[in-house]
Every structure is written in structure tokens, then in C-alpha cells.
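J.: Can you read through this structure? Questions will come right after.
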Amino acid sequence: KGPKRIGSELQEQLETDDLWYYAIANAGVQTILQRLRDTPLTFETLGISYFGNDLTEGRIRPEVRAAWFELMDLVEEKAQKVVFVVGGSS
């Protein structure tokens, strides 16, 4: 089963046209980090849903840990509020 695109559903449920969403299927934290670096946008609320085995397959590699720390710093600059959904399979 592939990823479900929820952007249009969120837009309808929140009754707003002021919703920007970008799906990055099968991307690692580095890709998310780069996408946020590249956008000039700032957000009132930023949601990041991340499901990656790099967080559940044993110890987290140093480069993955460093990317998550950098992501935490960057989202503070980009958004007033941030919501994370993080998961993985083992």
C-alpha cells in the first residue's frame, strides 16, 4: 500500500485555502532538512510526518542524529508551532 495523500483532506477539514503541503515519499531526514532550507516560506504551524527505519533499526547513526538536531533548530526559525509524527517499522 502506497502513501496516502492527505493535503486536500486537511484543506477541506480545516476549511482553508491557506494550506501548503509537500509530500516527499521515501525520503530521509536529510531530504526534509534540505527542502526546508530551500524554501523561503515561514509557517504558522508546520507539520512533519516522518516514518523511517533509520530511527528504529538499532542505534541511530551519528549523521542521522546530527540531521535531526539541525532540523530542530531550523524549524524554530521557520514556524511558530511545529507538530511531529514520527514512526517506523521494525
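J.: Which one is surrounded by the fewest Cβ atoms within 10 Å (Cβ to Cβ) among residues in the stretch 28-57 that are assigned to a loop (DSSP other than H, G, I, E, B) and more than 10 Å from the chain's Cα centre (by Cα)?
T.: Going through the stretch 28-57, the residues assigned to a loop (DSSP other than H, G, I, E, B) turn out to be 28, 39-42, 52, 56-57.
Then keep just the ones that are more than 10 Å from the chain's Cα centre (by Cα); that gives 39-42, 52, 56-57.
Working: 39: 12, 40: 5, 41: 11, 42: 10, 52: 17, 56: 13, 57: 12.
Filtering the stretch 28-57 for residues that are assigned to a loop (DSSP other than H, G, I, E, B) and more than 10 Å from the chain's Cα centre (by Cα), the one surrounded by the fewest Cβ atoms within 10 Å (Cβ to Cβ) comes out as 40.
J.: Quick check, is residue 44 more than 20 Å from residue 18 (Cα to Cα) and charged (D, E, K, R)? Break it down stepwise before answering.
T.: On the way: more than 20 Å from residue 18 (Cα to Cα): no; charged (D, E, K, R): yes.
Criteria not met by residue 44.
J.: Tally time: how many residues in the stretch 35-90 are of a type in the set (S, T, N, Q) and under 23 Å from residue 10 (Cα atoms)?
T.: So in the stretch 35-90, the residues of a type in the set (S, T, N, Q) come out as 39, 42, 45, 49, 53, 56, 80, 89-90.
Those left that are additionally under 23 Å from residue 10 (Cα atoms): 39, 42, 45, 49, 80.
Count: 5.
Here, each number is a calculation from the coordinates, and none is a lab measurement. Everything numeric here is computed off the predicted structure, so don't read it as measured data. Reconstructed Cβ throughout: ideal geometry from the backbone, glycine too, with neighbour counts over all protein chains shown.
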